[in-house]
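Here's the structure we're looking at; comments come further down.
The values are calculated or read from the model by the stated rules, or taken from the named source; none is laboratory data. All figures in this text were calculated on a predicted structure; none of them were measured in a lab. Ideal geometry is used to build each Cβ from the backbone, glycine not excepted, and the neighbour counts take in all protein chains shown.
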């Protein structure tokens, strides 16, 4: 009986779960108001991607695979960490492509959960763009 219990606990500790969460292109739904200015954006046709990983041991010891994600990781909430991972991956992609922003950014989150250990990985894909300036817009369309 004890051998079966020890074997079950050992299998539970060694194996883990893997979850994938992939978000579609984000947009603001139902936002109303007049836009008085429009940005002048130049974008590239090549898609870029970047990823950042984070490791959590015993729910409070946190370290990152990259120095970008290390900053500001003192919060204990997992959703806060995921948001910070998304921000770090976005920043890394912009730095990698020497751009100001990503158009049609798409995030892929991977979480591997073990008993005392969790590994989070965030990957972002998008088209790099640079803001050249801002002009006043007279062609405002109401929905």
Next on the checklist: When you scan segment 49-57, do you find a residue that is under 30 Å from residue 11 (Cβ atoms), modelled with pLDDT of 80 or more and surrounded by fewer than 15 Cβ atoms within 10 Å (Cβ to Cβ), even just one?
Outcome noted: yes
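Determine whether residue 63 is assigned to a strand (DSSP E or B), surrounded by fewer than 18 Cβ atoms within 10 Å (Cβ to Cβ) and modelled with pLDDT under 85.
Working: assigned to a strand (DSSP E or B): yes; surrounded by fewer than 18 Cβ atoms within 10 Å (Cβ to Cβ): yes; modelled with pLDDT under 85: yes.
Yes.
Any residue in segment 7-17 that is in contact with a strand residue (DSSP E or B) (Cβ under 9 Å, 6 or more places away or on another chain), modelled with pLDDT under 75, closer than 25 Å to residue 124 by Cα and loosely packed, with under 10 Cβ neighbours inside 10 Å?
Looking only at segment 7-17, we keep the residues that are in contact with a strand residue (DSSP E or B) (Cβ under 9 Å, 6 or more places away or on another chain), and these are 16-17.
Next, from what is left, pick out any that are modelled with pLDDT under 75: 16-17.
Among the residues that remain, those that are also closer than 25 Å to residue 124 by Cα are: 16-17.
Next, from what is left, pick out any that are loosely packed, with under 10 Cβ neighbours inside 10 Å: 17.
Scanning segment 7-17, I find at least one residue that is in contact with a strand residue (DSSP E or B) (Cβ under 9 Å, 6 or more places away or on another chain), modelled with pLDDT under 75, closer than 25 Å to residue 124 by Cα and loosely packed, with under 10 Cβ neighbours inside 10 Å, so the answer is yes.
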Next on the checklist: I'd like the residue in segment 43-59 that is part of a loop (DSSP other than H, G, I, E, B) and over 18 Å from residue 106 (Cβ atoms) and, out of all such residues, is farthest from the chain's Cα centre (by Cα).
Outcome noted: 58
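Looking at 129, 104, which one is exposed (fewer than 15 other Cβ atoms within 10 Å of the Cβ), modelled with pLDDT of 85 or more and in contact with a strand residue (DSSP E or B) (Cβ under 6 Å, 6 or more places away or on another chain)?
After applying the criteria, what remains is 104.
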